[in-house]
Number of protein chains: 2
Amino acid sequence: MRPPEVDVCFTPEEIRPAQVAVVIDVLRATSTIAQALAAGYPRVVCCSSVWTARALRAPGSVLAGEIDCLRVPDFELGNSPVDLAVAGCRGEELVLATTNGSPAIVAASHAADRVLIGCLLNLRAVLAAVPVGAPVMIVCSGTNGRPALEDVYVAGRLVAALGGLPADAARVADARRCPRGCVGRGRVGRRRRQQLS
Amino acid sequence: MRPPEVDVCFTPEEIRPAQVAVVIDVLRATSTIAQALAAGYPRVVCCSSVWTARALRAPGSVLAGEIDCLRVPDFELGNSPVDLAVAGCRGEELVLATTNGSPAIVAASHAADRVLIGCLLNLRAVLAAVPVGAPVMIVCSGTNGRPALEDVYVAGRLVAALGGLPADAARVADARRCPRGCVGRGRVGRRRRQQLS
């Protein structure tokens, strides 16, 4: 049997129809979502804009997110996974609107039968959730339409672990998980450390 | 002085305004252009379509190219750098129309002040032609809108040689020049060997 194809979109612009999509926004949306579920939220509703999030405000909902890296004044939380872990679960659902990650998730949901959320916190869970033999499209959320190194790094980790038939873009991402001057030496951290808290 | 930024577009969709663009289509347009100039053509006219190329037919012009990997029946040459080297210079200008490379060059010419043509045959010439201190946008032509490994490999070689301030996409490409399972082991050749002649 031919192994399933694994492809990578370096930005959401490249999203196309797929059976399974794994969306990655390490800094920060998908890390925040993983943290929210770990904190006890039964669900996280991803929005393409802060306006959509506001429209979904309801009893039991907690609004979180950012717009252009700034906290939204009328939202209960920012988009920090650390802040979310400290705050703990405060409602029945987290409504999340961020600049890059949550719109990428919404876009992927229009193109893929199943959308998974990937980050460094949940790689094993993602791998366990991918149906055996299914082709996978990994979507890097990037930053304002450009590839983000930390997303490509996680994409590369997934490409290697999935072990399917990698498309060229997946092979490019796979090389990026190699530690030569990358995450292993903390260069991502230097550049975006202020966004991490 | 801050070093100049070096960025990489994995596909022509990502092209944006730039001072200097280096367009890469290893298989085959930019390799064919380098070969044409080496064969003695004074100039190569790049077209966004075979119809544009036909409109430019004139005494002294030689039409070359492909459409969906097939030779164009009324063109004098295909898009093979080897065939072009064998045929030698047969006119005053080569008019080139291919599926990915020549449209990417045309697109880059609308966005950049200066467009250079890069491939494995002319890396030193490209490096010598980049103005000192200029930010560079490297454009991978890709294949039908998706990244092509051989283009990203050459982009990575340029990123490393240029030594500027690499954007995240440039750092991703830089990792791809690492020989782990890439061009050095001939995997590109296995996949597209039939396109190489």
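General remarks:
Results for (1) in contact with a helix residue (DSSP H, G or I) (Cβ under 8 Å, 6 or more places away or on another chain); (2) within 23 Å of B:N144 (Cα to Cα); (3) of a type outside the set (A, V, I, L, M, F, W, C), shown as yes or no for each residue.
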| site | (1), (2), (3) |
| --- | --- |
| B:Q35 | yes, no, yes |
| B:Y41 | no, no, yes |
| B:A58 | no, no, no |
| B:A64 | yes, yes, no |
| B:E93 | no, no, yes |
| B:G118 | yes, yes, yes |
| B:V126 | yes, no, no |
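- Screening A:L158 against (1) buried (at least 20 other Cβ atoms within 10 Å of the Cβ); (2) closer than 20 Å to B:V8 by Cβ; (3) more than 7 Å from every other protein chain (Cβ to nearest Cβ); (4) at pLDDT 50 or above leaves a single unmet condition, (2).
- Residue ID - surrounded by the fewest Cβ atoms within 10 Å (Cβ to Cβ), chosen from residues in the stretch A:10-46 that are under 13 Å from the mean Cα position of the chain (by Cα) and within 14 Å of another protein chain (Cβ to nearest Cβ): A:P12
- Verdict on B:P103 being in contact with a Ser or Thr (Cβ under 6 Å, 6 or more places away or on another chain), closer than 30 Å to A:N144 by Cβ and away from chain A (no Cβ under 14 Å): yes
- Residue match in the stretch A:138-154 (condition: more than 26 Å from A:S80 (Cβ to Cβ) and at pLDDT 95 or above): no
- In the stretch A:48-84, the residues that are surrounded by 13 or more Cβ atoms within 10 Å (Cβ to Cβ), over 17 Å from the mean Cα position of the chain (by Cα) and touching a residue at least 24 places away in the same chain (Cβ under 8 Å): A:V50, A:T52, A:A53, A:L56, A:R57, A:S61, A:V62, A:L63, A:V72, A:F75, A:D83
- Cβ-Cβ contacts under 7 Å between residues 6 or more apart (or on different chains), taken from a first residue in the stretch A:136-149 that is at the interface with chain B (Cβ under 10 Å from one of its Cβ atoms) and over 11 Å from A:V26 (Cβ atoms) to a second residue that is in a strand (DSSP E or B) and hydrophobic (A, V, I, L, M, F, W, C), are listed as A:P147/A:C140.
Yes or no, residue by residue, for (1) charged (D, E, K, R); (2) at pLDDT below 95; (3) assigned to a loop (DSSP other than H, G, I, E, B):
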| residue | (1), (2), (3) |
| --- | --- |
| B:P3 | no, yes, yes |
| B:V6 | no, no, no |
| B:V22 | no, no, no |
| B:V26 | no, no, yes |
| B:A34 | no, no, no |
| B:Y41 | no, no, yes |
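The values are calculated or read from the model by the stated rules, or taken from the named source; none is laboratory data. Because the structure is a prediction, the values reported are computed rather than measured. Don't worry about glycine lacking a Cβ; one is built from the backbone with ideal geometry, like all the others, and counts go over all protein chains shown.
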